Protein chains: 2
Amino acid sequence: MEKPPEKARRSIGAKRNPDSADAIRDAAEAVLLEAGYAGFSIEAVARRARAGKPTIYRWWPSKAALLLDVYQRQKRDIDYADTGSLEEDMFRFLKSLFRQWRETPAGNIFRSFVAEAQSDEAASAALADYMKERRAYNGRMVERAKARGEVAAGVDPTFVAEMLSGYAWIHLLTNRLDEDDETIRKAVRIIAKGLLAGP
Amino acid sequence: MEKPPEKARRSIGAKRNPDSADAIRDAAEAVLLEAGYAGFSIEAVARRARAGKPTIYRWWPSKAALLLDVYQRQKRDIDYADTGSLEEDMFRFLKSLFRQWRETPAGNIFRSFVAEAQSDEAASAALADYMKERRAYNGRMVERAKARGEVAAGVDPTFVAEMLSGYAWIHLLTNRLDEDDETIRKAVRIIAKGLLAGP
DNA sequence: TCTCCATCGAAACGGTACGTTCCGTTAAAT
DNA sequence: ATTTAACGGAACGTACCGTTTCGATGGAGA
C-alpha cells in the first residue's frame, strides 16, 4: 500500500529542487487518498516521496501548510455556469461539488483540512480566508439573480453562499455525499423560493 | 495550567469506582476547555484526573468514546419552544445553540468530536447516529409547522434540520459563532419563506 | 471469616510521529 | 576556485499511543 517510493533525488546545488517539491506534494496527496487523514503524517509523506524530513520542514512550516498547498493544487472542476436561473445555478454548483468531493481526492483533502483547522491556528486562519473568498465568489451567483429580479432586495448575497457551503460541509463531514439529484434539487428549490420572497 | 490534580483515588474493591469515572470525565472536559482539541490526549486527561491510563482504557475504548461521553454529558439548554411560528422556533433554536456553543465547553467539545470523526471510524459512526437523531428531533419543529399550514406538503422535515445544522456547523467550525440576532433572523426567515412556498 | 477477584494508580514497555540537528554529497552562484 | 544552500539520510529527545505488569484495595461469595 505504501510501496511506490521512486528513486531518491539529490541536491541540484544551491537552489530548491522542484522535483523534490513535486514528489512531496504528490506523496502527500497519495497518502491522503490511500490512508486518509488518520495516516497523514510528515514521516509517511517523506517515506513515500523518498525525501528527507528536513526538506519538507524547510519549505512547509507545518502539516497544515502542506495540507493547504495540496488542497489548493487540486484542479477545480465545479460548475459555475450562469444558466439564467438561480435554482439551476445552485443545483449545478452543489451537484458538481458533491461529485468532485466524492470522486477525486479533493473531498478527503478538504475534510482533513477542516479537521486540522480545529486544532491548528494557522490552518484555522487559512480556512477562514479561504471561506471568505468562497462566500464572495459564490455570492456573485446571487447578485446575478438579483439583477434578474429572482432575489428580493435586502438579501445578503454572502448568506446564500453560507447556506450552500453549510449544506455541503455537513454532508462531506458526515460521509453523506451520495445524495441523489432529487434531494439536492429540493434543497436548492426551497432556498430559491425563500430568496424570492425576501428577508 | 495543568495544576489541579486532586488526591488520587484508590480501588474500592472489585467494582468500578464512580469517583474515578467522574474525575476522568471532569478532567477531559477541563483539558478540552483549557487546551482545546490540540492538547486533548489520554495522557493529559489521566494526569489531570490523577488516574491511570488503564483505568481510562478499561472504560472508554478510544479517545472518540471519551469525547462522545463528555459531549453527551453536557447539559443541553437549547430553546425548543413551540411558539406557533416556525420562523420564531428556528430563530430561538439557532440563537440558543450559538450561545451555548460560545459560552460553554460544548462548542469546543463538539468541534473536537467532528474533527475526530474525520480520522476515527468509531467517532464517525457515533456522529452519524447522533446527527440522525438530531435530524429526527428537529424535524418535529417542521411537522408542527406543517400541521399549521406553514410548510408546504412534500417538504421533508429532516431537510430543514439539515439546513439548520449545516448553518450552525459552518459557523462553529470556522469560529464565527458571534453572528448577531439580525443575521440569524434573516437566515431563518429565508428558510421559512422557502418552506411556505414548497419544493 | 477467609479466599477470590475485579478494580485502582503507578510504572514501564515497544511503537510511532513530532520537529530538530548533524552529516557527507551535490552543483549552482560568486 | 571558493562559497553557499539544498539534498537524502540518520539520529536525536520529546510526546503520546495502547498494553502489560505490579502491589494494594476491598466487595462478594464460599
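Under the shape rule built on the C-alpha gyration tensor, where the axes satisfy a ≥ b ≥ c, the protein assembly as shown is oblate, since a/c reaches at least 1.5 while a/b does not exceed b/c. Prolate is the label for chain B, because the ratio a/c of its alpha-carbon gyration tensor axes (a ≥ b ≥ c) is 1.5 or higher and a/b is greater than b/c.
With a 1.4 angstrom probe, the accessible area lost at the A-B interface totals about 3300 Å².
With every protein chain in place and a 1.4 angstrom probe, the accessible-area ranking of B:Trp59, A:Trp101, largest first, reads B:Trp59, A:Trp101. Calculated mean residue ellipticity, 222 nm, chain A: -22000 deg cm²/dmol, from DSSP H runs (n ≥ 4) at -39500 (n - 2.57) each, averaged per residue and rounded to 500.
Using only the alpha-carbon atoms, how far is helix A:18-35 inclined from the longest principal axis of chain A? Give it as 0 to 90 degrees, nearest 10. Rounded to the nearest ten degrees, it is 60. Can you find, among A:Pro54, A:Met90, A:Ala64, the residue farthest towards the positive end of the dipole of segment A:1-94? Put +1 on the C-beta of Lys and Arg, -1 on that of Asp and Glu. Looking along the dipole axis, the top candidate is A:Pro54. The other copies place their B:Ala152 label points at 1.5 nm from this one, listed shortest first, where each point is 7 Å from Cα along Cα→Cβ. List the aspartates and glutamates whose alpha-carbon lies under 13 Å from that of A:Lys75, not counting same-chain residues fewer than 8 positions away? Within the straight-line limit of under 13 Å, A:Lys75 reaches these aspartates and glutamates: A:Glu29, A:Glu103.
If a/c stays under 1.5 just call it rounded; otherwise compare a/b with b/c (prolate if a/b is bigger, oblate if not). Do that for segment B:153-199, with a ≥ b ≥ c from the square roots of the Cα gyration tensor eigenvalues.
oblate
Ranking B:Ser112, B:Thr183, B:His171 by Cα position along the charge dipole of chain B, where only Lys, Arg, Asp and Glu carry charges on their C-beta atoms, puts B:Ser112 farthest toward the positive end. Here B:Leu33 yields copy-to-copy label distances, from shortest upward, of 4.5 nm, the label point defined as 7 Å from Cα along Cα to C-beta.
Measuring between their Cα centroids, segment A:87-141 and segment B:68-135 lie 22 Å from each other.
With angles folded into 0 to 90 degrees, how steeply does helix A:157-173 sit against the dominant principal axis of chain A? Use alpha carbons for both and round to 10. Approximately 50 degrees, to the nearest ten.
As a length-normalised measure over Cα pairs under 8 Å and 6 or more apart, the relative contact order of segment B:18-60 settles at 40 percent.
Hey, got the dipole for the protein assembly as shown? About the Cα centre, +1 on K and R Cβ, -1 on D and E Cβ, debye to the nearest 20?
Working: 66 positive and 60 negative charges, 233 e Å.
So the dipole magnitude of the protein assembly as shown works out to roughly 1120 debye.
To the nearest 20 debye, what charge dipole does chain A have about its Cα centre, counting +1 at the Cβ of each Lys and Arg and -1 at the Cβ of each Asp and Glu?
Roughly 700 debye for chain A.
On a per residue basis, the protein assembly as shown carries 46 Å² of accessible surface, using protein heavy atoms and a 1.4 Å probe.
The values are calculated or read from the model by the stated rules, or taken from the named source; none is laboratory data. Small disclaimer: the values here were computed from a predicted structure and weren't measured. As a convention, Cβ positions derive from the backbone with ideal geometry for all residues, glycine included, and neighbour counts pool all protein chains shown. SASA here: full protein model, heavy atoms, side chains in, ligands and nucleic acids out. Shrake-Rupley method; radii C 1.70, N 1.55, O 1.52, S 1.80 Å.
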